[in-house]
1. Which of the trypsin sites (Lys or Arg not before Pro) across region B:214-305 are loop residues per DSSP, with 16 or fewer other Cβ within 10 Å?
2. Pull out a ≥ b ≥ c, the square roots of the eigenvalues of the alpha-carbon gyration tensor of region B:308-354, then state rounded if a/c is under 1.5, prolate if not and a/b is larger than b/c, and oblate in the remaining case.
3. Give the Cα extents of region B:244-307 along the principal axes, in whole Å, largest first.
4. Please give the FRET efficiency for residue B:213 paired with residue B:29, using the beta carbon to beta carbon distance and R0 = 22 Å, rounded to the nearest 0.05.
5. Determine which lysines satisfy two conditions relative to residue A:78: a Cα distance under 30 Å, and not lying fewer than 8 residues away in the same chain.
6. What ³J(HN,Hα) values, in whole Hz, does the Karplus curve 6.51 cos²θ - 1.76 cosθ + 1.60 give for region B:210-216 when θ = phi - 60°, with x put for Gly and Pro?
7. Separation of region B:264-342 and region B:179-256 by C-alpha centroid, Å?
8. Could you tell me whether region B:291-407 comes out rounded, prolate or oblate from its Cα gyration tensor? Rule is a ≥ b ≥ c as square roots of the eigenvalues, rounded for a/c under 1.5, then prolate if a/b exceeds b/c, otherwise oblate.
Amino acid sequence: MTHEEIIERINGFLVEEFEVDAEKIVPDANLRETLELDSLDYVDLVVIMESNFGFKVVAEDFINIHTFQDFYDYVNRKVEEKKTAVPES
Amino acid sequence: MNNRVVITGLGIWSCLGTNLDEVKNSLYTGKSGIGMDPERKLWGYRSGLTGIVEKPQLKGILDRRARIGLSEEAEYAYMATLEAMKNAKMEIDWVEKNEVGILYGNDSSAKAVSEAIDTIRLKKDTTLLGSGSIFQSMNCTVTMNLSTIFKLKGINFTISAACASGSHALGLGYLMIKWGLQKHIICGGAQEVNPFAFGSFDGLSAFSIREDEPMKASRPFDKNRDGLIPSGGAATLILESYESAMERGAPILAEVIGYGFSSNGEHISNSSVDGQIRSLNMALNDANLKAADVDYINAHATSTPGGDYAEAQAIDAVFGGCKTMVSSTKSMTGHECWMAGASEIVYSTLMMQNNFIAPNINFEEGDDASSKLNIVTKTTEKNIDVFLSNSFGFGGTNSSLIIKKIK
């Protein structure tokens, strides 16, 4: 999955599942404020990330995610890590 | 305090239709809402018969946060309540500024619970259940969600009383308003319709297996009945004190005048004629009526051999001399279980408003108990001033409600 495909998929589920206006999703916008996330929404974000990208987000990971760009970069990094991970024997 | 209690709004979502007009027409024409669900046979059901209930499309009506907490039955209850509040002229702005309560009958949320357990087993990670699971899974899923969506500030809880849940919800709402504890309560009953909800019931061989003739399978009181057909949806009634309804300028549709209840204190699943008679007599006493004053009885009769037989005896014992007209709308709807006690008040009130009695379809020949009753087999034009509705549930919980026309 390319970086562009990751962005497209994230934006797709934010519009479809979180009902965010597509025009509000810009790289420098604040993720939490734009999505109006409360503690329950974070749980749903974890679920949707797991079903789309196959990894589990932990709460601490969100500490350094402020903008949509941070979020895209974070997901990209996790997807790359997953690709290069050595399977346990 | 002894306030008069009136019904100012009705809402329905069932296999007979998804609004009052559709349901009234189905009742008048004696239309069955029963069909087959092939998925149930794949799950090992003895019977694939079920009420066919449309699923509401809530995207665009409710926001995401409100939607994801709604179980299947809470979705039905939302739609029924929306209709009831609209025709009670109860606007959300007014509701926010007043003490409106909710008492709803519901006794399972099996689909939500099953799906959550499947996820835990598969993922071994509870976070992956998502935030909505708990609000869908609890028995009070309807009241906790609707009280939030409609900004309710009055009494707020769920009544779980098996197949009498909806009826007791109305009965308790009636008492609270009668005694001056509340002025306005959203009452009703909801029932999920899915293979997870009814497996254990099917396992008791309680369901009809007349699968080759789904619309003829539900035949309350008929000699050749062979079991009930599960169904569901939701029904909402707005109960208010007469004074508050007048003050609001709300349409007054009917008056609740009697509530009787009892517990059999006997077998967990078998009916008791004695328990039902006590419930009927208590309702008549509460309404200060004689048996002859009741124009129509919407029986609990679900189409099971034992249950219908007991109810026919109980009705005959209390109303036998009056030849009161009797039908079971479950002949068309199947058994709407937790919802039935509320939906059957909606169905009967529609009949009262439109001067007819809906037929007990599929009744061809009575047994030695039901042949003593005056069972209505064809749609009958009739002025109904007073009707009674029975609901009986597992554990021997009985409820009878009496409703009167407002003149």
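Throughout, read-outs are computed from the coordinates displayed, never taken from laboratory work. All of these numbers come straight from a predicted model, not from anything done at the bench. Every residue, glycine as well, gets a Cβ built from its backbone with ideal geometry; the counts of neighbours run over all protein chains shown.
1. B:223, B:290
2. Because a/c hits 1.5 or more and a/b fails to exceed b/c, region B:308-354 counts as oblate.
3. 47, 24, 23
4. 0.75
5. A:24, A:56, B:123, B:124
6. Result, rounded to whole Hz: 7, 6, 7, 9, x, 6, 9.
7. 14 Å
8. rounded
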